[in-house]
1. Which of the residues spanning segment 218-274 are under 24 Å from ARG294 (Cβ atoms) and of a type in the set (Lys, Arg)?
2. Are any residues in segment 196-224 of a type in the set (D, E, K, R), under 18 Å from the mean Cα position of the chain (by Cα) and not in a helix (DSSP H, G or I), and if so, which ones?
3. State yes or no: is GLU56 in contact (Cβ under 8 Å) with a residue 24 or more places away in the chain, acidic (Asp, Glu), touching a strand residue (DSSP E or B) at 6+ places or on another chain (Cβ under 9 Å) and under 30 Å from PRO276 (Cβ atoms)?
4. Taking GLN256 as meeting all but one of (1) of a type outside the set (A, V, I, L, M); (2) surrounded by fewer than 18 Cβ atoms within 10 Å (Cβ to Cβ); (3) under 25 Å from ILE157 (Cα atoms), write down the number of the exception.
5. Go through (1) surrounded by fewer than 17 Cβ atoms within 10 Å (Cβ to Cβ); (2) touching a residue at least 60 places away in the same chain (Cβ under 8 Å); (3) more than 18 Å from ALA141 (Cβ to Cβ) for GLU41 and report which single condition fails.
6. Is one or more of the residues making up segment 57-77 among the aromatic types (Phe, Trp, Tyr) and under 23 Å from ASN139 (Cβ atoms)?
7. Which pairs do you get when a residue that is closer than 11 Å to GLU34 by Cα and in contact (Cβ under 8 Å) with a residue 60 or more places away in the chain, found in segment 73-90, comes within reach of a residue that is polar (S, T, N, Q) and crowded, with 21+ Cβ neighbours inside 10 Å, reach meaning Cβ atoms under 6 angstrom, with the pair 6+ apart or on two chains?
8. Is it the case that some residue within segment 182-194 is farther than 19 Å from TYR66 by Cα and touching a Gly at 6+ places or on another chain (Cβ under 7 Å)?
Amino acid sequence: MASLLDPLNVKNLTLRNRIVMPPMHTGLASINGEVTNEMIEHYVERSVNLGLLIVEHSYISIDGKYSARQLGSHDDKLISGLEKLTTSVHEVNTPIVLQINHLGAKPSKDLIGIDPISPSAIGDIREIRIQEMDRIVENYALAADRAIKAGFDGIEIHGAHGYLLNQFYSPLTNRRKDKYGGSLDNRTKFPLEVVNRVREKIRDKLLLYRLGSVDLDKKGTQIDDSKQFAKRLEEAGVNILDVSGGICGHIPPEFQGRQGFFIPQAESIKKVIKIPVIGVGGIKESLFADMLIRNEKVDLVAIGRELIKDPDWSLKAIRSISN
């Protein structure tokens with residue numbers, strides 16, 4: 001029986017334990033999306049004793065940018081800064097993955113300078129045209145390639161929290177009438193095109209997908225949809241599935257104060273695939289995290305806000321569980 005402190009072999013990496021720092025926006029990048037010394041210090045301090053670090057969502061193109069000081073992966077000029085980050089984290093022997101993302105309908109027009117795009121025209125949002133989709137797929141691939149050149153051990157594709165790939169997946173935001181809309185097969189087509197192209201680009205490096213598993217809406221994505229999608233992601237070459245919320249976001253209001261609120265979805269998905277699953281959702285206590293692994297509910301546990309508040313959370317967890 002595995003515990004939170006046991007190693008896990010995934011593809012060509014050995015994670016020293018099952019503790020994951022998930023991608024969380026810091027606002028520590030420069031206004032051009034560059035890595036700063038402050039960002040490096042932030043991540044190195046929290047990487048000691050981690051099993052895996054997933055660096056916050058980086059924008060693959062200007063039209064998918066989240067905020068003025070978001071980390072970028074959209075330009076070759078950013079590679080040298082990203083390499084400083086990976087080198088520093090590798091010095092504490094922690095594998096490091098970069099999350100890549102496009103916000104779709106969510107960016108501010110004032111920030112990106114053009115109308116935001118989405119699978120479907122809703123309000124002031126422009127529907128993305130099929131001829132634009134090849135460019136976006138390639139932007140994901142180029143961003144992934146830059147990350148690998150910068151020394152990252154892998155890539156996480158963001159398909160949750162109501163961003164572009166999640167917008168294609170969810171029937172709440174995808175109202176298209178063409179081959180990319182309607183059925184589950186059609187709604188997963190574009191996300192899988194991105195996964196396939198990124199897998200091709202990064203070759204044998206680690207590939208993660210953050211899955212928006214449920215929308216918490218009777219008209220939205222349901223867990224049975226995500227179980228089917230998870231199988232397709234595994235077949236497409238995803239090595240780890242990071243199970244979170246969909247259009248409902250990463251902390252639905254009704255889940256405030258609860259620990260492990262997306263664990264039931266992760267556990268359900270884990271039963272139908274063979275690749276490791278990360279469980280998330282406001283997890284605070286090391287013994288609770290350890291119990292999730294021991295009871296085989298998930299394979300890895302993401303500790304987000306607790307690591308932001310206490311960079312030594314992992315060390316304290318190791319001491320607590322070992323005693």
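1. Of everything in segment 218-274, those that are under 24 Å from ARG294 (Cβ atoms) and of a type in the set (Lys, Arg) turn out to be LYS227, ARG258, LYS270, LYS271, LYS274.
2. Result: LYS205, ARG210, ASP215.
3. yes
4. (3)
5. (2)
6. Yes, segment 57-77 has at least one match.
7. SER73/SER58
8. Yes; the residues of segment 182-194 include at least one that is farther than 19 Å from TYR66 by Cα and touching a Gly at 6+ places or on another chain (Cβ under 7 Å).
No lab work stands behind these numbers, since they all come straight from the coordinates. What you are looking at is a predicted structure, and each value in this text was computed from that prediction instead of being measured. Glycine gets a Cβ as well: all are built from the backbone with ideal geometry, and neighbour counts include every protein chain shown.
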